[in-house]
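Read the structure below first, then the notes.
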Amino acid sequence: MAGLAESIRNIWKIEELRERILYTLGILVVYRLGTYVTLPGVDAALLEQINAQAGSGGLFGFLDMFVGGAFRQAGIFALGIMPYITASIIIQLMGAVVPYFQKLQREGEEGRRKITQLTRYGTVGITALQSIGYAINLQYGATGQAIVINSTFFMFTTVLTLTAGTVFVMWLGERISEDGIGNGISLIIMVGIIAFLPQALLNEVSLLGSNIFLLLLEIAVWVLVTAGVVLVSQGTRRIPVKYAKRVVGRKMYGGTTQYLPLRVNAAGVMPIIFAQSIMFLPSTVASFFPNSPFMQMMGRWFSDISSWGYSGVFFFICVFFTYFYTAIAVNPQQMADTMKRQGGFIPGVRPGRQTAEFIDNILTRITLPGSIFLGLVAILPAFAMKAGISQQFAIFFGGTSLLILVQVTLDTLQQIESHLLMRHYDGFMKSGGSVRGRRV
């Protein structure tokens, strides 16, 4: 604790780091305030009453968690940063199959600027389409009574406001990434998720009543699960890479051994996001067919997130998408080509195609335990609910929420760590000097 307190004091000694942290906190406060601003033409009090009677869940409840409750409250940030994430995923997938985007990825800084600009355009288009669907759902769904203005005018203002709101949130995230600390987009998502934690914890305390021992036990299990997620998220398989000696002028370069780190969980949180979206889709579609017994049966089956059948299907979909997204995110052939151009080679492996195959084989092997762990983390909330924990608090025992909280926190701490070490201060990990990946 003394070392942690000393590191926090060191943060405030560095003027640039202090200003970056305060700037980041200020922008996050602006974002949170914006989630409480209701769309024009919506009766906020009546909408709250309707939502209280309807409850939450399904795909809309899943989306609401990422925007800090703005989706159900019909806030101007109701779509949040999710359209930007969708556009980024589409651009990334196109980079794996479309030659034009592959060329942009190889053009360095100029290519990244073009990709960023295309992502922004894609965000505007996706937001406009999603805002139309959101406005239709507000008007003609159970919340239609809360609309107090003309339907045509409401459609126009809602599409315009939601699109502007998402673009503004995207701008806030970019400002954090450039002038603040941490990844701005990820921090905005994390803040939305954290907004649910205090209320979920209070509800759990009220349910348990005077049973303090059980509450402490739940918190202890939560801490252990979080520690396990941190351990696997930081786990890497290091491949030794030797660089040949070469003479430039009168100096000799190379002849050193470095390591190529392959993450056990290279896909990050994306597989769970994809899998959870697919699992919520049947129940959402079933809501549009209230007179179909088959669709209602499917909707009920996919709505019961604590059932064994749901957990089994969810687990296997997570494993599949882990392999799928890892294959897209990590390119062994590109690694082998870059290594060859820089004069590096893996001992005992020929440069070029054999190096790419070697990296691909290792990546396939370490992805298996990573995908299994990711699948188990995804279904942990179901086990928590079976153990008697409320659904609101159980979602923080695993799934998308816990992974995002862990990974964003680690990334932000690593950036703070680099600022401290650059100025010869001790970081959060005095024994190691930085927050590093763990070897497996």
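Looking at Tyr140, Tyr134, which is the one that is in the same structural domain as Asp43 (by TED's automatic domain parsing), surrounded by fewer than 20 Cβ atoms within 10 Å (Cβ to Cβ) and hydroxyl-bearing (Ser, Thr, Tyr)? If you could, list the steps in order and put the result at the bottom.
On the way: Tyr134 fails: surrounded by fewer than 20 Cβ atoms within 10 Å (Cβ to Cβ).
From the options Tyr140, Tyr134, the qualifying one is Tyr140.
Conditions: (1) modelled with pLDDT under 85; (2) over 24 Å from Gly352 (Cα atoms). Ile328 meets all but one. Number of the miss?
(2)
Against the definition (buried (at least 17 other Cβ atoms within 10 Å of the Cβ) and at pLDDT 90 or above), how does Phe358 come out, yes or no?
Answer is yes for this residue.
Out of everything in segment 366-401 that is outside any helix (DSSP H, G or I) and among the hydrophobic types (A, V, I, L, M, F, W, C), what residue ends up being surrounded by the fewest Cβ atoms within 10 Å (Cβ to Cβ)?
Ala387
Residue by residue, here is whether (1) hydroxyl-bearing (Ser, Thr, Tyr); (2) at pLDDT 85 or above holds:
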residue	(1), (2)
Ser7	yes, no
Ile14	no, no
Tyr31	yes, yes
Ala45	no, yes
Leu59	no, no
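Test of understanding: among Ile126, Ile89, Ile132, which residue is out of contact with any Asp or Glu (no Cβ under 9 Å at 6 or more places or on another chain) and either assigned to a loop (DSSP other than H, G, I, E, B) or farther than 21 Å from Ile189 by Cβ (or both)?
None of the others qualify; the one that does is Ile132.
Going through Ala52, Ala70 one at a time, which residue ends up being assigned to a loop (DSSP other than H, G, I, E, B), more than 17 Å from Glu174 (Cα to Cα), aliphatic (A, V, I, L, M) and modelled with pLDDT under 85?
Values: Ala52 fails: assigned to a loop (DSSP other than H, G, I, E, B).
Result: Ala70 is the single residue among Ala52, Ala70 that is assigned to a loop (DSSP other than H, G, I, E, B), more than 17 Å from Glu174 (Cα to Cα), aliphatic (A, V, I, L, M) and modelled with pLDDT under 85.
Return the residues of segment 150-204 that are among the small types (Gly, Ala, Ser) and either at pLDDT 90 or above or over 21 Å from Thr38 (Cβ atoms) (or both); say none if nothing qualifies. Reasoning before the result, please.
Initial filter on segment 150-204 (among the small types (Gly, Ala, Ser)): 151, 164-165, 173, 177, 180, 182, 184, 186, 192, 195, 200.
Ala164, Gly165, Gly173, Ser177, Gly180, Gly182, Gly184, Ser186, Ala200 - these are the residues of segment 150-204 that are among the small types (Gly, Ala, Ser) and either at pLDDT 90 or above or over 21 Å from Thr38 (Cβ atoms) (or both).
The values are calculated or read from the model by the stated rules, or taken from the named source; none is laboratory data. Being a predicted model, the structure only gives us computed values, none of them experimental. In this analysis, Cβ positions are derived from the backbone assuming ideal geometry, glycine residues included, and neighbour counts consider all displayed protein chains.
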